[in-house]
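The numbers here are math on the coordinates, done by the rules we state, and not lab data. Computed from a prediction, not measured in an experiment: that's the story for all the values here. All Cβ positions, even for glycine, are placed from backbone atoms using ideal geometry, and neighbour counts span all protein chains on display.
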Amino acid sequence: MTNTDTTAAQLVFVAWGDKYIEEALIALKSFRAFHDIQATLITDVAHTGLPFENLEVITFKTLGNHRKIEGQLHFSKKYNTSFWFCDTDLHVTASLTYAFSFAKRYAFTACYAPHYDLFYFQSGMKTIFEQEKIDNSGIGTINSGFVHFDKEFARAVLETAYGYCEKYQSICQSDQALLSLALHKTGIPFGTLPPSFNCRSNGAIISGTTRIWHSHAEPPNNLNANMELYPRIAKDSGVLDIMRKNQSLRKKLDFAVSLRNKLSGRVALKYLWFKKVRRKSMNKRIFVYGCGHSGTTLTHRIIGYHPDVHPVNHESNVFVRGNGDMTVFDWSCIANGKENWVEKTPRHVHHLHKIFLRYPNSKGIFVTRNPLDTVASLKERFSFEDGLERYISDSRAGLEYLEHPNVFHLKLEDWIENESNTARALLQFLGLKKFDVLQYHRTYKTFFSSEKHKHKSHEANRDFQINQPIHDTRGRYKSILTTDEIKVVLERTSELSKTFGY
């Protein structure tokens, strides 16, 4: 650890609930492994014994990720100083001295979110552009996970962003999108850091040293082992080893690796994929999505049990956080002798336009559940307010593609009431041969593969659930929600319930 780094403004974390507080502590520890730097935690409940120089307890008026903007605005008003805002899922893996010095030149500093046109970032952005009378001329999206605010400009940007949060909370839950819009609106000059300061777990085009690993998953041990690997495949870094074991691809892979050494990784990987491997062709790319806690994991598990389907055993968030390139999953699928894969990321429900634009022949499984049971389950993990807002937001996003010919609407209750007919209809829709996928629980699987996880109780519970036969969980809300909460859910979800057949 260095002495106090005088080039760096202090860090600010906004976190609520044990999960995010724990992540913030891990992130802060990774920062201080390289820099002795002051930090502030903004949260909703008083804590003692935490290693932050300042602890700000506020009553949040917003929900979900909008709280990050609200917390930053609170800090800028109280302290009137430059600061770095940090997401709780950051892991510092090398020195950040360059970023600290570079940021002093600009009013705002961040990395761009690769390949994100703000207009297409979420379905709700189109409405916001229309209402704000903003021309869709290719505005970029900044990644809001590691950003620097100069004290002279912080409040102007954050007040604008917070205004958007209040105005558009029902149609856009992304702090990143609204902060990007505020930067465009205020027109302040800002500098952009290289992508090595924002390496996402789904893979990134990075050569050299990765300095910030931005993911809820822990950094791979070999993250900086090969400085020339380009693009860097982080989440499935073992895919090349898997392919080596496949004799039919080994010579092609060896040639591609040698070509990469002579030219570039990108050229070689394109050769491997387009000239050789892709001749086998992918039959189906299956996306399972919907509101969290609605049965998406169960559905993914059942489909993934089919002998012709390769299950992607983690939430990739590729279209949420990355450029939507699923090639690495194609490789894994073919290396395992399959022509179909199934992937489950609930929040992909907000990115269906990008999914079907990039993969027009893919299949979507939109999973819904009785709103009372869904909100009750979300309340147990987060809060009633967050659970209700998420259910409404995710369900509305799914409605836009409910009638799409490549989308299958599946209610969790369908599995409970008639599992055989539901399985038969689903396999027919996917074009898969008949197979008793309902025996999935006879083969033990872990949804998160062999990765280590910080929140073991939740992950252990999820792994337990996907290894059980289908069982009836209807009506659990009665012991979780209060009478007033039940009334609020029924009032605010009445139209959605009618549409989904509840």
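Could you compute the FRET efficiency for Tyr79 and Arg381, with r as their C-beta to C-beta distance and R0 at 35 Å, rounded to 0.05?
FRET efficiency, Tyr79 to Arg381: 0.65.
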(request) Report relative contact order for region 281-500 in percent, whole number only (criteria: Cα-Cα under 8 Å, sequence separation at least 6). (result) 25 percent
(message) Along the Cα→Cβ direction, 7 angstrom out, place labels at Gln428 and Ile134. What is the inter-label distance in nm?
(response) 4.6 nm
(request) Would you calculate the separation in nanometres between label points at Glu159 and Asp44, each defined as 7 Å from the Cα along the Cα-to-beta-carbon direction? (result) 2.6 nm
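At a Förster radius of 56 Å, what calculated FRET efficiency corresponds to the Cβ-Cβ distance of Ile486 and Glu339, to the nearest 0.05?
Values: r = 46 Å, r/R0 = 0.82.
Computed FRET efficiency for Ile486 and Glu339 comes out at 0.75.
How high is the relative contact order of region 10-200, in percent, with contacts defined as C-alpha pairs under 8 Å that are six or more residues apart? Let's see the in-between values first.
Numbers: 303 pairs, mean separation 48.5, N = 191.
Averaging sequence separation for qualifying contacts and normalising by length gives 25 percent for region 10-200.
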(message) So if I take the centroid of the Cα atoms in region 1-76 and the same for region 156-170, what is the distance between those two points in Å?
(response) 21 Å
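Based on the Cβ-Cβ distance of Asn222 and Ala33, what FRET efficiency does E = 1/(1 + (r/R0)^6) give at R0 = 22 Å, to the nearest 0.05? Provide the component values of the computation, followed by the final result.
Values: r = 18 Å, r/R0 = 0.82.
Working from the Cβ atoms, E equals 0.75.
Of Lys344/Lys411; Lys77/Lys104; Lys126/Lys344; Lys344/Lys498, which pairs sit farther than 18 Å apart, going by alpha carbon to alpha carbon? List each step's numbers first, then the result.
Details: Lys344/Lys411 16 Å; Lys77/Lys104 20 Å; Lys126/Lys344 25 Å; Lys344/Lys498 26 Å.
As for pairs spanning more than 18 Å Cα to Cα, those are Lys77/Lys104; Lys126/Lys344; Lys344/Lys498.
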(message) How many angstrom lie between the Cα centre of region 324-365 and the Cα centre of region 93-137?
(response) 26 Å
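Fewest Cβ neighbours within 10 Å first, please rank Cys291, Cys199, Cys111 accordingly.
Numbers: Cys291 28, Cys199 25, Cys111 22.
Ranked by crowding around the Cβ, least crowded first: Cys111, Cys199, Cys291.
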(message) For region 281-500, take every pair of Cα atoms, bin their distances at 10 Å starting from 0, and report each bin as a whole percent.
(response) 8, 34, 38, 18, 2, 0
(request) Could you please rank Thr368, Thr186, Thr482, Thr48, placing first whichever residue has the fewest other Cβ atoms within 10 Å of its Cβ? (result) Thr48, Thr482, Thr186, Thr368
(request) Starting from the Cα of Leu55, step 7 Å toward the Cβ, then list every residue of region 24-40 with an amide N under 15 Å from that point. (result) 24-25, 39-40
(message) Please compute the modelled spin-label separation between Ile26 and His404, points set 7 Å along Cα→Cβ, answer in nm with one decimal.
(response) 3.2 nm
(request) Starting from the exponent 0.38 and prefactor 2.2 Å, build the expected Rg for region 10-200 from its residue count and divide its actual Cα Rg by it. (result) 0.98
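Which entries in the list Lys29/Lys354; Lys19/Lys284; Lys19/Lys478; Lys19/Lys445 go over 29 Å, if you measure between the two C-alpha atoms of each?
Working: Lys29/Lys354 36 Å; Lys19/Lys284 35 Å; Lys19/Lys478 26 Å; Lys19/Lys445 24 Å.
Among Lys29/Lys354; Lys19/Lys284; Lys19/Lys478; Lys19/Lys445, the Cα-Cα distance tops 29 Å for Lys29/Lys354; Lys19/Lys284.
With a 10 Å Cβ neighbour count serving as the proxy for reagent exposure, in which order, fewest first, do Glu339, Glu130 appear? It would help to have the intermediate numbers written out before the result.
On the way: Glu339 15, Glu130 10.
With the fewest neighbours first, Glu339, Glu130 line up as Glu130, Glu339.
Work through the residues other than Phe75 whose Cβ is under 12 Å from its Cβ and net out their charges, Lys, Arg +1 and Asp, Glu -1.
Numbers: positive: Lys68, Lys77, Lys78, Lys151, Arg155; negative: Glu56, Glu70.
Here the count lands on +3.
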(message) For region 469-502, which trypsin sites (Lys or Arg not before Pro) pass both filters: DSSP loop (anything but H, G, I, E, B) and at most 15 other C-beta atoms within 10 Å?
(response) Arg474
